[in-house]
1. Applying the selection to region 257-287, what residues are in a helix (DSSP H, G or I) and either of a type outside the set (Ser, Thr, Tyr) or open to solvent by less than 60 Å² (accessible area, probe 1.4 Å) (or both)?
2. Given the condition β-branched (Val, Ile, Thr) and outside any loop (DSSP other than H, G, I, E, B), answer yes or no: does some residue in region 121-138 qualify?
3. Taking the condition of being open to solvent by 30 Å² or more (accessible area, probe 1.4 Å) and over 15 Å from TRP150 (Cβ atoms), how many residues in region 2-32 meet it?
4. Examine region 104-117 for a residue that is out of contact with any strand residue (DSSP E or B) (no Cβ under 8 Å at 6 or more places or on another chain), touching a residue at least 40 places away in the same chain (Cβ under 8 Å) and among the β-branched types (Val, Ile, Thr), and state whether such a residue exists.
5. Might you check whether a residue that is touching an Asp or Glu at 6+ places or on another chain (Cβ under 9 Å) and assigned to a helix (DSSP H, G or I) occurs anywhere in region 86-99?
6. Which count do you get for residues in region 139-164 that are in a helix (DSSP H, G or I) and touching a helix residue (DSSP H, G or I) at 6+ places or on another chain (Cβ under 8 Å)?
7. What number goes with the only condition from (1) of a type in the set (Gly, Ala, Ser); (2) exposed (fewer than 15 other Cβ atoms within 10 Å of the Cβ); (3) over 30 Å from ALA228 (Cβ atoms) that SER154 does not pass?
Amino acid sequence: IAVLTGQWGDYGMVPRDASFLMHATLVKHYLDGGNYPVGGAWKIADSIIPTIRAGGGEVFTYAKVDEILVEDGSARGVRMADGSEVRADAVVSAAGALLTFGRLLPAGERERLGVANKLSHVKASGGHLCLYAGFEGSAATLGLARTNLWVYPSIDHEGNVDRFMADLDAPFPMLYISFPSAKDPEWDAHHPGKSTVEVLTVGPYAPFAKWEDATWGKRGEDYEALKAKLQRRLLDALFARLPQLRDALVYAELSTPLSTRWFQQNPHGEIYGLDHDVERFSQEWLHPATPVKGLYLTGADVLSAGVGNALANRMMTACVMLGREAPGVFRMLAEWKPPAPDAPA
């Protein structure tokens, strides 16, 4: 059972608490292997931005939204953190249900819609720690495979997580080790003689909460000391599995739940939006069309986490917004042929 449920880290809930539907769909998704974007994950944004601009849109970074503008029960745009307003006939939020309904909607709208009651039936997923490491040497010379590694201290997934969440000095309950540079068919052409590895595990928010109001990169010596301790443990765990990497290390950096909070604004650094328990999947209000006219929800919380599901969620939202034109979208999906199992995305 522990082996069959071992991929729980891909949605962040131990088998005891997760929906069987979530785990079954995830395992089915990977039975024939996975795909990787040629050139790296940044190519996803790089490829779609020209399409957005060709349609008259624009993409901004570090442009924080403070509030969704609602007038006479309809979304009319957003107010930015600097006080400026962007007016629109419709607003689509991919920020997640907790942020969209719990923070970005005006207080009056939250009360009118009974948001507090709705949100009491769902909860945020957990945070994570992720080590980003760089090495001298190609994947071939370092003996790096494309296959991800899942490493556990024992078969007691639930007990392992509970102990680590209560004490950061406990053994890591799970390690997900991935080799991005080995998966990318273009990597060697752009970065010859270099390799990258990621090592991820769960990360409780509470031990980092006292630094939540500090600026990224300026959280002080105590925070850096805690990060350094965790980074060393993760590196040691990596080298225990792949000892040939020890002398090739040239760079390492650790992210914590505060990193996710800073860059994504997730209140507790949650990585997967809402938790994937049974009650979450029974919430009919988690739908692309919200009770506020002109306000639409998209992203992981509409369906579930994951890159593939996120794409499907956005298609669902587009169909809801297009109305009668939606059947053409479904025809396009029906005619689409998936790539070979080992083909890059």
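1. Across region 257-287, the qualifying residues are PRO257, LEU258, SER259, THR260, ARG261, TRP262, PHE263, GLN264, ARG280, PHE281.
2. No.
3. Number satisfying all stated conditions: 10.
4. No - not one qualifying residue is present in region 104-117.
5. Among the residues of region 86-99, at least one is touching an Asp or Glu at 6+ places or on another chain (Cβ under 9 Å) and assigned to a helix (DSSP H, G or I), which makes the answer yes.
6. Residues that pass the stated criteria total 3.
7. Among (1) of a type in the set (Gly, Ala, Ser); (2) exposed (fewer than 15 other Cβ atoms within 10 Å of the Cβ); (3) over 30 Å from ALA228 (Cβ atoms), SER154 violates only (3).
Residues are listed down the side, and each one gets a yes or a no for (1) assigned to a helix (DSSP H, G or I); (2) touching a Phe, Trp or Tyr at 6+ places or on another chain (Cβ under 9 Å); (3) farther than 28 Å from GLY6 by Cα:
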| position | (1), (2), (3) |
| --- | --- |
| ILE177 | no, yes, no |
| VAL199 | no, yes, no |
| ALA209 | yes, no, yes |
| PHE239 | yes, no, no |
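The values are calculated or read from the model by the stated rules, or taken from the named source; none is laboratory data. What you see is a predicted model, and the numbers here were worked out from it, not measured in a lab. Please note: Cβ atoms are built from the backbone with ideal geometry, for glycine as well, and neighbour counts cover all protein chains shown. Ligands, DNA and RNA are stripped out before the accessible areas are found, and what is left, the full protein with its side chains, is counted by its heavy atoms. Shrake-Rupley method; radii C 1.70, N 1.55, O 1.52, S 1.80 Å.
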